[in-house]
Amino acid sequence: GHLLADLNPLAPPAAKVPELELEHWGLSEEDLDTLYSSATIPGTMVLKLSEIIDRMRDSYCGSIGVQYMHLDSVERKHWLQRRLEDPSTRRKLTVDEQRRILTKLTDAELFEQFVAKKFIGAKRFSVEGAETLIPLLDEVIEEAAEHGVEEVVIGMAHRGRLNVLANIMDKSPAEIFREFADADSDAEKLRGRGDVKYHLGYSTDRKMSNGESVHLSLCFNPSHLEFVGPVVLGRVRAKQERFGDTARRRAMGLVIHGDAAFAGQGVVQEMLNMSGLAGYATGGTLHLVVNNQIGFTTPPESGRSSQYATDVAKMLQTPIFHVNGEHPEAVAQVIDVAMDYRAEFASDVIIDMYCYRRFG
């Protein structure tokens, strides 16, 4: 189904996939009104073939595509099947939740517009084209709080970091803009730092809608792509050890990747490989790939041999959720399932958000 899903905001979905054509299964349009057993589809026993196809298209061929048939665990596959195919389990966003998404999108866009006008020509690595990252992160943290997470450690590269600092980490915009203007008067604070504004870290406490407080830590980032990932996992594990949290529930890692780096940097595979080891496990990391479909100046077809940037993650026996970043409500649906899966199985989860890079 993911092969037919409408994932890419820059291109139409595939017209057809041979394996999903009726002829491939020895069927024809004459069979569309024939009744078939549908016992594996939640809430049904018998459906017309046309109804079965419609249900499957609705579940797997919209703005969300999911890869999970590579999992060896029957239990996990059945769990995912129920969540994806049963309409009653799908999250129905309230008007307030929809407004919150819109507000976060607006905040992200206005921040970038202000910086572009105020600091013309300044290097800022904007999030434009991937603005849905901001409501996505907001939703992840809300979901984490619902699952009892008290601390979230975030690692990310330069793209979108300033927007995340302002709209997720609640860093004062005035402080961010002082760094643009090199106007920080605290010389001691700057001594020996030698860092750039789009590598800076931050920490804060955020009050969530359920009344709980979650401590957020955004790691300082080296100039080497993906090196921050293992640092995030190490910090999460250290916090869990300090809490005596043997269930690995109270702290969580969130690593934001670029599509080219996720497929091309060996440290990603090394980090994934360690995630299930007793000495390194953290109860499940959320890996978010901001798939803007370009690596510096290299298009995907010149940068990797696999169809998806996330194919290396199949080694983890974990689901991979692909979603169209231009559909923020679909992104919210993916987060709901992904965070529940992480909590249920203490497993890493991969979200591959298709978007684009509007500016350099």
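Only the coordinates and a few stated rules stand behind these numbers; no lab work does. Source: prediction; values computed, not measured. Cβ atoms come from the backbone with ideal geometry, glycine included; neighbour counts cover every protein chain shown.
If the chain between GLN317 and THR106 were fully stretched, how many nm would it gain, using 0.36 nm times the residue separation less the Cα-Cα distance? Please list the in-between numbers first.
Numbers: separation 211, 0.36 × 211 = 75.96 nm, distance 3.65 nm.
That works out to 72.3 nm of additional length.
If you take every residue apart from LEU7 with its C-beta less than 13 Å away from the C-beta of LEU7, what net charge results, scoring Lys and Arg +1 and Asp and Glu -1?
Charge balance near LEU7 sits at -4.
Given the Cα-Cα distance of GLU19 and GLU344 and 0.36 nm per residue of separation, how much length would full extension add, in nm?
113.8 nm
Taking the Cα centroid of region 17-53 and of region 334-359, what is the distance between the two, rounded to the nearest whole Å?
Value for the Cα centre distance between the two parts: 30 Å.
Across region 8-151, how large is the tail of the calculated P(r) beyond 23 Å, expressed as a percent of all Cα pairs? If you can, show how the numbers build up before the last one.
Values: 6127 of 10296 pairs.
Here the long-distance tail beyond 23 Å is 60 percent of all Cα pairs in region 8-151.
Can you give me the Kirkwood hydrodynamic radius for the chain, using every pair of distinct Cα atoms, in Å to one decimal? Each step should come with its number before you reach the end.
Numbers: mean 1/r = 0.0462 Å⁻¹.
Final number for the Kirkwood radius of the chain is 21.7 Å.
Can you give me the P(r) profile for region 284-360? Cα pairs, bins 5 angstrom wide beginning at 0, each as a whole percent.
3, 15, 24, 22, 18, 12, 5, 1
Please give me, ordered by residue number, the trypsin sites (Lys or Arg not before Pro) of region 75-118 that lie in loop per DSSP and have at most 12 other Cβ atoms within 10 Å.
Those satisfying the criteria are LYS92.
For labels at THR34 and GLN307 in the simple 7 Å Cα→Cβ model, what's the distance in nm?
For THR34 paired with GLN307, the spin-label model returns 2.7 nm.
Can you give me the Kirkwood hydrodynamic radius for region 265-310, using every pair of distinct Cα atoms, in Å to one decimal? Don't skip to the answer; put the middle values down first.
Working: mean 1/r = 0.0792 Å⁻¹.
With all distinct Cα pairs of region 265-310 included, I get 12.6 Å.
Can you tell me the convex hull volume per residue for region 11-86, based on C-alpha atoms, in Å³ to the nearest whole number? Don't skip to the end; give the middle numbers.
Values: hull volume 8.9 nm³, N = 76.
Once divided by residue count, the hull of region 11-86 is 117 Å³.
Over the chain, with a Gaussian network built from C-alpha contacts below 10 Å, which listed residue (MET271, MET69, MET45) shows the highest mean-square fluctuation?
Of MET271, MET69, MET45, the Gaussian network model singles out MET45 as fluctuating most.
What angle do you read, to the nearest 10 degrees and between 0 and 90, between the alpha-carbon axis of helix 74-85 and the longest principal axis of the chain?
90 degrees
Return one number: the angle in degrees, 0 to 90 and rounded to the nearest 10, between the long axis of the Cα atoms of helix 133-146 and the longest principal axis of the Cα atoms of the chain.
Relative to the chain, helix 133-146 is tipped by roughly 80 degrees.
Over all Cα pairs of region 228-360, how is the pair count split among 10 Å bins, expressed in % and running from 0 up to the last occupied bin?
For region 228-360, the pair-distance distribution reads 12, 42, 33, 11, 1.
Run the reach check for LYS118 against lysines, Cα to Cα strictly under 26 Å, same-chain hits fewer than 8 apart removed. What comes back?
Of all the lysines, those that pass the test against LYS118 - Cα under 26 Å, at least 8 places apart if same chain - are LYS104, LYS171, LYS189, LYS197.
Among the DSSP beta bridges whose two residues both lie in the chain, what percent are antiparallel, rounded to the nearest 5?
Bridges in the chain are about 35 percent antiparallel.
So if R0 is 25 Å, what FRET efficiency would ALA238 and HIS199 give, r being the distance between their Cβ atoms, rounded to the nearest 0.05?
Values: r = 22 Å, r/R0 = 0.87.
E between ALA238 and HIS199, to the nearest 0.05, is 0.70.
To the nearest 0.05, how large is the calculated FRET efficiency for ARG90 and PHE114 if R₀ is 25 Å and r is the Cβ-Cβ distance?
Numbers: r = 36 Å, r/R0 = 1.45.
That gives a FRET efficiency of 0.10.
Among the DSSP beta bridges whose two residues both lie in region 247-360, what percent are antiparallel, rounded to the nearest 5?
The antiparallel proportion sits near 5 percent.
Eigenvalues of the Cα gyration tensor times 5, then square-rooted: what semi-axes does that give for region 73-186, in whole angstrom, largest first?
Equivalent ellipsoid of region 73-186: 35, 16, 13 Å, largest first.
Quick one: helix 49-60 against the long Cα principal axis of the chain, what's the angle to the nearest 10°, folded into 0 to 90?
10 degrees
Please express the shape of region 50-110 as an equivalent ellipsoid: the semi-axes are the square roots of 5 times the eigenvalues of the C-alpha gyration tensor, given largest first in whole angstrom.
Values: eigenvalues 175, 46, 30 Å².
Result for region 50-110: semi-axes of 30, 15, 12 Å.
Note down the nm distance, to one decimal, between modelled labels 7 Å out along Cα→Cβ at ASP58 and at LYS207.
That separation, rounded to one decimal, is 4.1 nm.
What whole-number distance in Å separates the alpha-carbon centres of region 82-121 and region 227-282?
So the two Cα centres are separated by 26 Å.
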